[in-house]
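What follows is a single structure, written as structure tokens, with notes after it.
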Amino acid sequence: MLLRSFTAKTLPEAMDQVRSLLGDEAIILSTQDDGLKGVKVTAALEAEDGTGFEPEVLEGGLEVADRISTVLDHHRVPQGLADRLLNAASNLLSDDWMMAMAAALDHELGFLPLSEIGPERPIMLIGPSGAGKSVTSAKLCACARLAGARSLLITMDSDKAGGRAQAETFAEVLGARLVCANDPESVAVAVQQREADEMAVIDTIGSNPFDEFELRRLSETAEAAEATLALVLPAGGDPAEAADAALAYASTGARTMIPTRLDAARRFGGLLAAAHVSSMSFLAAGVSRHIGAGLVAVNPVSLARLLSTCEPFEPSSLLAAD
Ligand SMILES: Nc1nc2c(ncn2[C@@H]2O[C@H](COP(=O)(O)OP(=O)(O)O)[C@@H](O)[C@H]2O)c(=O)[nH]1
Ligand SMILES: [Mg+2]
């Protein structure tokens, strides 16, 4: 069963979209007035093998699709990605909507556990200023320490006001060895000279995703250090901006992403759009400003839970008498 939702200013316009994309065979499952956003029509098309329209399947599928669609709407997931996720969920024909959403996220997005990177490759964190790169570098060193490994923190951020002091504080607290290096060659030397059991983390200076020179420099450094690049991107931003930035950063060769500030945002459509458009896999996520407790694993189930537990903030409910 192919399931899609269409939003337009009026019902006839939405119906036109249904007919032109799915044809006359499409069955309208629900119509919903979304206020300022317009009218949303959810429609289904029978699969080529003829499956999908038994009444129970349709009813269960519609309920699952409705729940998932509400969650994706709340997070401002762009329509194209939301449709893909709904299709993936409806193909599963599960009546457990959370599991259906997890399966859909697994289908459309990539997930790479940190443990799969291995200590032999340094991790190099890139991203805009203030994204959380330095704090995430420290969190990675803390993870290494918890796993009983030593870490080497290479900072390219030491020229920034307070950058060196911040790195020195992190390194001291975490028992990490600190090296300041400002060009690809010195980063490569620091990496080559590390002890066999040291995990290297490279923290970079904030960059502009739309400055080709800065991006080229990042990929040259990663190449020289034979590092795995990870984009650090804060949650809560505009989905189109996040997607554009991630796509630009993907040109450096980055294939993984560490979203940050999940604790301080209530809309994650930007992160989903960024990961989807750039084909980057989620490596881990920042959920606190505190170094010790701030990095968690991300998998389809934990992401589905996170998305579904973000209730919209409604000031009116605080004012209502009970
Ligand atoms: N609440 C919260 N704050 C974070 C998180 N990660 C980083 N921060 C905060 O974001 C700010 C910028 O972090 P920093 O690592 O210096 O950013 P950089 O410029 O990318 O190196 C700091 O105030 C951090 O404490 C997170 O996961 N949650
Ligand atoms: Mg920094």
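Probe of 1.4 angstrom, ligands and nucleic acids ignored: what's the accessible area per residue over segment 112-309, in square angstrom?
Here the residues of segment 112-309 average 44 Å² of exposed surface.
Would you check the chain for Lys pairs whose C-alpha atoms are within less than 29 Å, ignoring same-chain pairs closer than 8 in sequence, and give me the count?
Values: 9/37; 9/40; 133/160; 139/160.
Pairs that pass both the separation and distance tests number 4.
Accessible surface of residue 107 in the full protein assembly, 1.4 angstrom probe, to the nearest 10 Å²?
Its heavy atoms expose roughly 130 Å² to the probe.
Quick check: pseudo-label points 7 Å beyond the Cα along Cα→Cβ at residue 116 and residue 195, how many nm apart are they?
3.0
As a test, work out the antiparallel percent of DSSP beta bridges whose residues both lie in segment 112-309, rounded to the nearest 5. Could the numbers behind the result be given before it?
Numbers: 2 of 26 bridges.
The antiparallel proportion sits near 10 percent.
Per residue of the chain, what 222 nm ellipticity follows from adding -39500 (n - 2.57) for every DSSP H run with n ≥ 4, rounded to the nearest 500?
Values: 12 runs with 144 residues, N = 322.
Computed mean residue ellipticity for the chain: -14000 deg cm²/dmol.
Calculate what fraction, in whole %, of the accessible area of the chain sits on carbon and sulfur atoms when a 1.4 Å probe is rolled over the protein chains.
Working: 8380 of 15870 Å².
For the chain, the apolar C and S fraction of the accessible surface comes to 53 percent.
Taking θ = phi - 60°, what integer Hz values does the Karplus form 6.51 cos²θ - 1.76 cosθ + 1.60 yield along segment 168-182, in sequence order, with x for Gly and Pro?
Once θ is set to phi - 60°, the couplings for segment 168-182 become 5, 4, 4, 4, 5, 4, 9, x, 8, 7, 10, 10, 9, 9, 10 Hz.
For segment 190-197, take each phi angle, set θ = phi - 60°, evaluate the Karplus expression 6.51 cos²θ - 1.76 cosθ + 1.60, and give the result in whole Hz per residue in order, putting x for glycine and proline.
Each residue's phi maps through the Karplus curve to give 4, 5, 5, 8, 6, 5, 4, 9 Hz.
Give me the net charge of residue 32's neighbourhood, meaning all other residues with Cβ under 11 Å from the Cβ of residue 32; Lys, Arg count +1, Asp, Glu -1.
Details: positive: 37, 40; negative: 33, 34, 66, 73.
That sum, taken over residues with Cβ under 11 Å, equals -2.
Where does the chain land on Rg/Rh, using Cα atoms and the Kirkwood Rh? Could the numbers behind the result be given before it?
Values: Rg = 22.6 Å, Rh = 21.4 Å.
Here the Rg-to-Rh quotient is 1.06.
With θ set to phi - 60°, apply the Karplus curve 6.51 cos²θ - 1.76 cosθ + 1.60 along segment 104-109 and write out the HN-Hα couplings as whole Hz, x wherever there is a Gly or Pro.
Residue by residue, segment 104-109 yields 5, 5, 5, 6, 9, 10 Hz.
Once the whole set of protein chains is in place, how much accessible area is left on residue 296, using a 1.4 Å probe, in Å² to the nearest 10?
60
What size of dipole, in debye to the nearest 20, comes out for segment 207-317 about its Cα centre when the only charges are +1 on Lys and Arg C-beta atoms and -1 on Asp and Glu C-beta atoms?
Details: 8 positive and 12 negative charges, 79 e Å.
With only Lys, Arg, Asp and Glu charged at Cβ, the dipole is about 380 debye.
How long is the gain from residue 70 to residue 247 if the chain were fully straight, where each residue apart is worth 0.36 nm and the alpha carbon distance is subtracted?
My answer for the length gained is 61.1 nm.
Using 18 Å as the cut-off for backbone N distance, which residues of segment 79-106 belong to the label zone defined by a point 7 Å from the Cα of residue 301 along Cα→Cβ?
Once the point is set 7 Å along Cα→Cβ of residue 301, 94-106 turn out to lie under 18 Å by backbone N, inside segment 79-106.
Residues with amide H under 5 Å of residue 232's amide H, sequence separation 5 or more or different chain, H placed in the peptide plane at 1.01 Å from N; which?
Under 5 Å from the amide H of residue 232: 126, 127, 258.
The values are calculated or read from the model by the stated rules, or taken from the named source; none is laboratory data. Note that the structure is predicted; figures quoted are calculated from it, not measured. Because the Cβ atoms are built from the backbone with ideal geometry, glycine has one as well, and the counts that use them run over all protein chains shown. Ligands, DNA and RNA are excluded from the accessible area calculation, which covers all protein heavy atoms including side chains. Shrake-Rupley method; radii C 1.70, N 1.55, O 1.52, S 1.80 Å.
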